[in-house]
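Student: One structure, pasted below without further comment.
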Amino acid sequence: MFLAVAGGVSVDELARKAGLKRTTMLSVESADLGELSDGDITIHMARGGAMGNLLAASDLVLSQAGTATVQALGLGKPAITFVNPRDRRSRFNDEQMLFGEARTVVAAEAPAVGAALRKLLGDDEERRRLANIGRQRIGGPGAMQAIIEALVG
């Protein structure tokens, strides 16, 4: 699993409160925040530039970050999120119309997030279905090249 971690979040405190063990980073990038694990599930964490590495190693994404969500969905990684009180509701709704079922929206409560995780982690077929929706709606890497070709051509 991949978790895009907001700048103000202490990963050590997150690990302590979740009762998970924090392990070393996958890369030397400062934005790679390592992993949290209980032995059965592994949560890869990152900020900014290290996300590509971690997305490749993940089955799904927990995300509150717009760019991380778009990147994940385009690469076929279903996302789980909740509405943050600081979110502009109109923007969130517009994004959801674009993302469709590929982004699962749950209540901002641990039981709701946990239930969504259990459902997706336990259903490979559903994860593949949502992955396909994300790839179709967002598309993979290479958009900049396609834009340049359209403008020049």
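Student: Which ones in the range 93-118 are within 16 Å of the chain's Cα centre (by Cα), free of Cβ contacts under 8 Å to residues at least 40 places away in the same chain and part of a helix (DSSP H, G or I)?
Tutor: Matches in the range 93-118: Glu95, Gln96, Phe99, Gly100, Glu101, Ala102, Gly114, Ala116, Arg118.
Student: So in the range 102-114, with the set limited to residues that are of a type outside the set (Val, Ile, Thr) and surrounded by 14 or more Cβ atoms within 10 Å (Cβ to Cβ), which one is nearest to Thr69 (Cα to Cα)?
Tutor: Result: Arg103.
Student: Out of the range 51-99, which residues are surrounded by 14 or more Cβ atoms within 10 Å (Cβ to Cβ) and within 13 Å of Ile133 (Cα to Cα)?
Tutor: Selection gives Val70, Ala72, Leu73, Gly74, Leu75, Gly76, Lys77, Pro78, Ala79, Gln96, Phe99.
Student: Next question, about the same structure. Within the range 7-20, is there a residue that is under 14 Å from the mean Cα position of the chain (by Cα) and either surrounded by fewer than 12 Cβ atoms within 10 Å (Cβ to Cβ) or outside any helix (DSSP H, G or I) (or both)?
Tutor: No: the range 7-20 contains no residue that is under 14 Å from the mean Cα position of the chain (by Cα) and either surrounded by fewer than 12 Cβ atoms within 10 Å (Cβ to Cβ) or outside any helix (DSSP H, G or I) (or both).
Student: Among the residues of the range 18-45, how many are among the hydrophobic types (A, V, I, L, M, F, W, C) and in contact with a Ser or Thr (Cβ under 9 Å, 6 or more places away or on another chain)?
Tutor: Here the count works out to 3.
Student: Quick check on the range 55-78. Is at least one of its residues within 18 Å of Leu117 (Cα to Cα), β-branched (Val, Ile, Thr) and out of contact with any strand residue (DSSP E or B) (no Cβ under 6 Å at 6 or more places or on another chain)?
Tutor: no
Student: So, in the range 34-44, of the ones that are under 20 Å from Lys119 (Cα atoms) and of a type in the set (D, E, K, R), which residue ends up surrounded by the most Cβ atoms within 10 Å (Cβ to Cβ)?
Tutor: If we take residues in the range 34-44 being under 20 Å from Lys119 (Cα atoms) and of a type in the set (D, E, K, R), then Asp38 is surrounded by the most Cβ atoms within 10 Å (Cβ to Cβ).
Student: Sticking with this structure for a sec: So in the range 21-33, with the set limited to residues that are modelled with pLDDT of 75 or more and over 10 Å from Ala50 (Cα atoms), which one is surrounded by the most Cβ atoms within 10 Å (Cβ to Cβ)?
Tutor: Ranking the candidates gives Arg22 first.
Student: Say we look at the range 48-87 and pick out the residues that are part of a loop (DSSP other than H, G, I, E, B) and free of Cβ contacts under 8 Å to residues at least 24 places away in the same chain; which of these is nearest to the chain's Cα centre (by Cα)?
Tutor: The extreme case among them is Asp87.
The values are calculated or read from the model by the stated rules, or taken from the named source; none is laboratory data. Treat the numbers as computed from the prediction; the structure is a model and nothing was measured. Using ideal geometry, Cβ is built from the backbone for each residue, glycine included, and neighbour counts are taken over all protein chains shown.
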